[in-house]
1. Show me the chymotrypsin sites (Phe, Trp or Tyr not before Pro) within the stretch 19-114 that DSSP assigns to loop and that have at most 15 other Cβ atoms within 10 Å of their Cβ.
2. What distance in nm separates the two pseudo spin-label positions at Thr70 and Tyr122, each 7 Å out from Cα along the beta-carbon direction?
3. Could you report the accessible area of Ile24 in Å², rounded to 10, computed with a 1.4 Å probe on the protein chains as they sit in the structure?
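The values are calculated or read from the model by the stated rules, or taken from the named source; none is laboratory data. Here the structure is a predicted model, which is why all the values come from computation and not from measurement. Note that we place each Cβ from the backbone using ideal geometry, even for glycine, and neighbour counts take in every protein chain shown. Areas reflect the complete protein model, heavy atoms only, side chains present, ligands, DNA and RNA absent. Shrake-Rupley method; radii C 1.70, N 1.55, O 1.52, S 1.80 Å.
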Amino acid sequence: KTTFWLWLGNALYHSLILFTFTVILFWGDLKQATGLDSGHWFWGAMLYLAVLLTVLGKAALVSDLWTKYTVAAISGLFVFTMLFLPLYAVVAPAIGFSTEYYELVPRLWTDAAFYFVLTLSYWRHGCTPILIKVFDRNIYVNSRVVFNEVELQEGEKIQDALEITKKRI
């Protein structure tokens, strides 16, 4: 019950940070190198991709069991989104809906602000939890960490004993 509310608070905190940062960045409508205004659709697509990258980074941090499906789900979702967005931006306006996406992807992918926000969101929201995890593991050592290290040392001793036995035989 408490974990749910902590995760909810964490998600709201990170979303608020990303939203506030991009609002400040786009204050007065960010001008692109071509002289065009970026607009709300540009801002929205960039904010969505930054939030998606943050959520996937959080999912990677809490994953304890890494299988090929975990890797495919976490990294594959971002790759799929980056491949689907240009397809959608071409097909949807041609059919007659989502006309706002016309010429959005070339403007999005050639703008330095887009990569700045993605990189900053990854480093800000990805590295902080990693540092906290390392700090907690090395400074505030709990019994689980100690138990895992003792198990690892015992496993190495057993492995060494098996190798000595094999050499004698």
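1. Details: sites: Phe19, Phe21, Phe26, Trp27, Trp41, Phe42, Trp43, Tyr48, Trp66, Tyr69, Phe78, Phe80, Phe84, Tyr88, Phe97, Tyr101, Tyr102, Trp109, Phe114; in loops: Phe26, Trp27, Trp66, Phe97, Tyr102.
In loop regions of the stretch 19-114 (DSSP not H, G, I, E or B), the sparsely surrounded chymotrypsin sites (Phe, Trp or Tyr not before Pro) are Trp27, Trp66, Phe97, Tyr102.
2. 2.0 nm
3. Ile24 exposes around 120 Å² with every protein chain in place.
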